Amino acid sequence: MSKKAKTINKSHLIAVLLILIPAFAPPGLVMAAERESPSAQDSSNKYFKIHVVDRQTGRGVPLVELRTTNNARYFTDSNGIVAYYEPGLMDREVFFFVESHGYEFPKDGFGMNGTRLKTSPGGSAVIKIDRLNIAERLYRVTGQGIYRDSILTGSPVPLKNPVLNGQVMGQDSVFTCIYHGRLFWMWGDTGRPSYPLGHFAMAGAVSDLPGQGGLDPSVGVDLEYYVAADGFSRPVCPMKEPGLVWLDGLLTVKDNDGRQRMVAKLARLKNLGEVLERGLVVFNDQTESFEPLVRSGVEFLPYSDSSHAFSVNAEGRKYYYFATPFPLAVRMRVRAEWNDVIDANHYEVLTALESKKSPARRPPRLDVGESQTPYRWVRFDELTGGDTSANNSIIESLKQEKKDANLFDIETGKKIYPHNGSVYFNDYRQRWVAIFVQQFGESSFLGEVWYAEADTPVGPWAYAGKIATHNKYSFYNPKQHPFFDKEGGREIFFEGTYTFTFSGSLENATPRYDYNQIMYRLNLDDPRLALPVAVYQVRDELVGWANSVLPTRNYLLRDGVEKTNKWDFVESIPFYAVEPMRAHGDLVPIYADKGQAIKLTVKRPNPSAEPLFYALPSSGLESENSCIVSLYEYSNTDTEQCLYSTDPARRQKGWIRAGTPLCRVWKAPPGPLLLDSKAKPTAAD
């Protein structure tokens with residue numbers, strides 16, 4: 001991965017300017033008004049109101065570009081409104097090209113994606129566009145002018161501060177957690193209206209939770225920023241030493257006195273490519289700022305970037321797991337105890353590296369198969385043997401071990417590099433859900449957002465569906481908000497940083513939206529999210545003649561493994577298929593006939609039998625998706641037992657392959673298949 005990509009979550013501006021230009025703007029500037037003014041209401045009749053709505057839902061669509069034939073560009077606000085006023089172009093027909101990331105307006109007879117409107121002052125028009133994205137764009141969370149055009153046209157808005165809040169013009173990458181009953185928000189670099197440079201030591205805000213005084217997440221978020229005397233968002237992690245400050249891995253834990261504390265991982269940087277120190281900071285409730293807790297060298301934890309923490313119950317103990325980025329994979333955890341959280345040696349990594357110090361109890365292997373280098377949870381000090389001089393080499397080895405953590409596009413079978421994102425348990429799907437951005441995407445370098453599921457937090461992650469695209473524009477560091485879930489998790493919400501950086505150009509930067517956070521909603525009932533799930537090959541037993549016990553193999557989905565408590569008997573994941581509740585289209589049911597041997601069949605073995613899974617029919621057009629393969633039955637000549645494989649040339653003594661495939665399925669991806677079956681969800685973080 002390029003050095004450029006690794007540093008995107010450190011700063012949006014060139015760090016060396018901090019040395020040359022004061023961080024604070026010249027004094028004496030008047031703070032801009034943050035609420036609707038009477039004059040704005042009085043002048044609303046001069047504007048022609050253009051309302052762009054989603055044809056499917058009727059809701060206004062933010063971030064839609066309307067462009068005239070002389071290339072004047074206008075963008076809808078969070079209500080989907082453009083307040084149009086152009087001297088010389090009022091009270092006449094004006095053609096508007098209509099364009100938006102992941103949405104489409106029909107072409108006319110000449111191939112033009114646009115429409116002609118009569119621009120009458122005080123009048124209005126509605127433009128309906130079609131959503132191509134699976135995810136629905138809702139509103140902008142940060143920055144100036146969130147509801148600018150709504151205010152200008154006298155339209156209702158949901159926010160207390162609809163046009164300027166905390167004097168924030170732009171903000172990088174969001175982190176959240178619930179702290180003292182409210183939602184705490186934290187962002188990176190933050191821009192101001194009075195000068196090109198803002199501050200670079202993390203901004204903060206709080207909001208009420210939905211149902212506890214907060215807005216419905218489908219409507220918006222009323223942020224209460226921590227501000228300085230001049231009204232501008234202030235740094236919540238000021239440091240005496242110079243440099244950029246970046247925090248991540250935000251979590252809460254009780255200290256030794258029983259007080260809830262909020263802790264984050266610290267990185268202080270000289271510039272975008274040079275780290276000065278790492279460590280931990282803790283929030284001071286009196287000063288409402290983070291303060292150093294643990295200070296270290298340039299390397300501190302086994303994975304330098306912690307991204308987002310989420311709580312897990314593992315064997316009766318609460319842990320925090322971390323979805324570490326570059327590429328995204330859940331490979332680090334720590335017990336949710338004060339003395340563990342503040343000690344880097346107590347952090348554990350999921351690795352095949354050998355320990356230099358024997359643990360008191362050898363942890364179980366978490367990879368599926370017969371690898372000679374099994375994956376286990378290992379404490380950092382066990383990897384280094386307590387020798388801090390070995391930290392750097394261990395950290396580099398862990399980075400190399402994780403570099404091939406890829407997923408695959410369910411539509412094309414192409415490999416996806418998951419750059420960064422978040423992982424949380426979803427109650428509706430009863431699975432762990434990842435929302436992440438792809439690096440090296442087709443439409444943009446860092447703008448294509450994907451959805452994936454796994455049976456445990458560490459995996460097996462295999463297939464993903466694209467849910468949002470941003471053409472030649474970045475949407476990096478997306479984060480799901482599990483505390484916003486609706487209808488038991490059927491609807492989920494996520495946001496990310498929308499910016500031209502890394503994927504576009506300054507000349508095409510979107511006014512007001514650029515370098516800000518945008519919220520999306522995702523309906524998990526969408527059939528396009530019916531991803532194939534792991535089918536487990538499990539060691540089992542059958543009672544034969546005269547009560548003899550015969551060893552056999554069974555094939556189960558996650559629910560079946562859970563119900564029979566067979567996680568410790570999983571031998572492999574030979575293929576992936578669609579679970580019955582997600583069956584769609586031309587898929588065919590596959591049953592498990594439990595006679596003298598477990599046999600998979602397309603024929604219903606008895607009237608009460610339910611399908612084990614759904615798959616593609618064995619005959620049909622050849623798929624261009626290289627991940628879709630035929631599934632073959634192999635039978636044992638002595639025992640009549642059956643096993644199933646996607647390998648058409650499997651060679652094993654005593655086993656014969658059927659002449660034709662049973663069906664077509666999705667193959668198991670290469671690399672270690674990781675399972676942490678002891679990890680169970682806790683309350684939302």
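Brief remarks on what is shown
- Taking all pairs of distinct alpha-carbon atoms in the stretch 529-685, Kirkwood radius in angstrom: 16.8 Å
- Short-range pairs are left out: with C-alpha atoms under 8 Å and at least six residues apart, the relative contact order of the stretch 283-418 is 19 percent.
- Local electrostatic count at Glu610 - Lys and Arg +1, Asp and Glu -1, tallied over other residues with Cβ under 12 Å: -1
- Pair-distance profile P(r), taking every C-alpha pair of the stretch 218-320, with 5 angstrom steps and integer %: 2, 10, 17, 21, 19, 15, 10, 5, 1, 0, 0
- Using only the C-alpha atoms, the convex hull of the stretch 391-447 corresponds to 127 Å³ per residue.
- Residue order by solvent-accessible surface for Glu633, Glu288, Glu354 is Glu354, Glu288, Glu633, largest first, with ligands and nucleic acids left out and a 1.4 Å probe.
- With the convex hull of the Cα atoms taken as the outline of the stretch 432-552, the averaged projected area works out to 10.9 nm².
- Volume of the Cα convex hull of the chain, divided per residue and given in Å³: 188 Å³
- Under the Debye formula (equal points on every Cα, no solvent term), log10 I(q)/I(0) of the stretch 270-405 at q = 0.09 Å⁻¹: -0.28
- With both labels modelled 7 Å from their Cα along Cα-to-Cβ, the Asn606 to Gln400 distance reads 5.6 nm.
- Along each principal axis, taking the top coordinate minus the bottom one, the Cα set of the stretch 195-268 gives 42, 41, 22 Å in descending order.
- Coupling constants for the stretch 444-456 follow from the phi torsions by the Karplus curve (6.51 cos²θ - 1.76 cosθ + 1.60, θ = phi - 60°), and in residue order they are 7, 5, 9, x, 9, 9, 10, 10, 9, 10, 8, 6, 9 Hz; glycine and proline get x.
- Carbon + sulfur, % of accessible area of the chain - ligands and nucleic acids excluded, 1.4 Å: 49 percent
- Quotient of Cα Rg and 2.2 N^0.38 Å for the stretch 346-411, N being how many residues it contains: 1.25
- Rounded to 10°, Cα long-axis angle of helix 391-402 versus longest principal axis of the chain: 80 degrees
- Ratio Rg/Rh [Cα only; Rh per Kirkwood] for the stretch 65-114: 0.97
- Probing with 1.4 Å while keeping every protein chain in the model, the per residue accessible area of the stretch 245-337 equals 34 Å².
- Two-decimal log10 I(q)/I(0) for the stretch 593-685, as the Debye equation yields it once each C-alpha is a single scatterer, q = 0.11, 0.12, 0.22, 0.24 Å⁻¹: -0.47, -0.54, -1.20, -1.28
- Cα convex hull, the stretch 52-179: 146 Å³ per residue, rounded to a whole number.
- Measuring between alpha carbons in the structure, the pairs from Lys107/Lys403; Lys318/Lys357; Lys402/Lys466; Lys403/Lys678; Lys49/Lys466; Lys415/Lys479 lying more than 31 angstrom apart are Lys107/Lys403; Lys49/Lys466.
- Global geometry of the stretch 583-637, whether rounded, prolate or oblate, following the gyration tensor of its Cα atoms and the 1.5 cut on a/c: oblate
- The distance between label points at Ser626 and Lys107 comes to 3.1 nm (points 7 Å beyond Cα on the Cα→Cβ vector).
- Using θ = phi - 60° and Karplus 6.51 cos²θ - 1.76 cosθ + 1.60, couplings along the stretch 383-390 (whole Hz; Gly, Pro as x): 6, 8, x, x, 9, 5, 5, 8
- Between Asn636 and Lys486, the C-beta separation translates, for a Förster distance of 45 Å, into a calculated FRET efficiency of about 0.35.
- Centre-to-centre, using Cα atoms only, the stretch 216-246 and the stretch 637-668 are separated by 60 Å.
- Backbone amide hydrogens, once placed in the peptide plane, bring Asn284 within less than 5 Å of Ser289, Phe290, Glu291, excluding anything fewer than 5 places away on its chain.
- Residue-span extension gain [Ala658 to Glu507] - 0.36 nm each, minus C-alpha spacing: 48.3 nm
- Candidate aspartates and glutamates for bridging to Lys356, where Cα separation is under 15 Å - those fewer than 8 sequence places away on the same chain excluded: Glu348, Asp381, Glu382, Asp387
- Which of Thr69, Thr456 is most accessible, then next, and so on - probe 1.4 Å: Thr69, Thr456
- A viscosity of 1.002 mPa s and a temperature of 20 °C, combined with the Kirkwood radius over C-alpha pairs in the Stokes-Einstein formula, give the stretch 386-482 a diffusion coefficient of 147 µm²/s.
- Think of it as helices only: each DSSP H run of n ≥ 4 in the chain is worth -39500 (n - 2.57), and spread over all residues that comes to -1500 deg cm²/dmol at 222 nm.
- Extension gain for the segment Ser389 to Asp216, taken as residue separation times 0.36 nm less the Cα-Cα distance, is 57.2 nm to one decimal.
- Dipole of the stretch 552-610, positive direction: furthest Cα of Val588, Val602, Leu556, with charges on the beta-carbon: Val602
- A simple rule links phi to the HN-Hα coupling: the Karplus curve 6.51 cos²θ - 1.76 cosθ + 1.60 with θ = phi - 60°, which for the stretch 363-376 gives x, x, 6, 10, 9, 9, x, 10, 4, 7, 10, x, 8, 9 Hz, with x for Gly and Pro.
- Rg/Rg_globular for the stretch 463-526, with Rg_globular taken as 2.2 N^0.38 Å and Rg from C-alpha atoms: 1.27
- Three-way shape call for the stretch 136-241 based on the alpha-carbon gyration tensor, with the a/c threshold at 1.5: oblate
- In summary, the lysines within cross-link reach of Lys599, defined as a Cα separation below 24 angstrom excluding same-chain residues under 8 places away, comprise Lys563, Lys566, Lys653, Lys667.
- Computed lengthening from Glu315 to Val588, 0.36 nm per intervening residue step minus Cα-Cα distance: 94.5 nm
- Inter-label distance, Lys563 to Arg73: 5.5 nm, where each label sits 7 Å from its Cα along the C-beta direction.
- Percent breakdown of C-alpha pair distances by 5 Å bin, ordered from the shortest bin, for the stretch 171-212: 6, 22, 23, 19, 14, 10, 5, 1
- Cut-off 12 Å between beta-carbons: net charge of the residues surrounding Ala125, Lys and Arg +1, Asp and Glu -1: +3
- Net charge of Cβ neighbours under 12 Å - reference Tyr303; Lys, Arg +1; Asp, Glu -1: 0
The values are calculated or read from the model by the stated rules, or taken from the named source; none is laboratory data. None of these values were measured; they are calculated from a predicted model. With ideal geometry, Cβ positions are generated from the backbone for all residues, glycine too; neighbour counts draw on all protein chains shown. We work out accessible area using only protein heavy atoms, side chains counted, and drop any ligands, DNA or RNA first. Shrake-Rupley method; radii C 1.70, N 1.55, O 1.52, S 1.80 Å.
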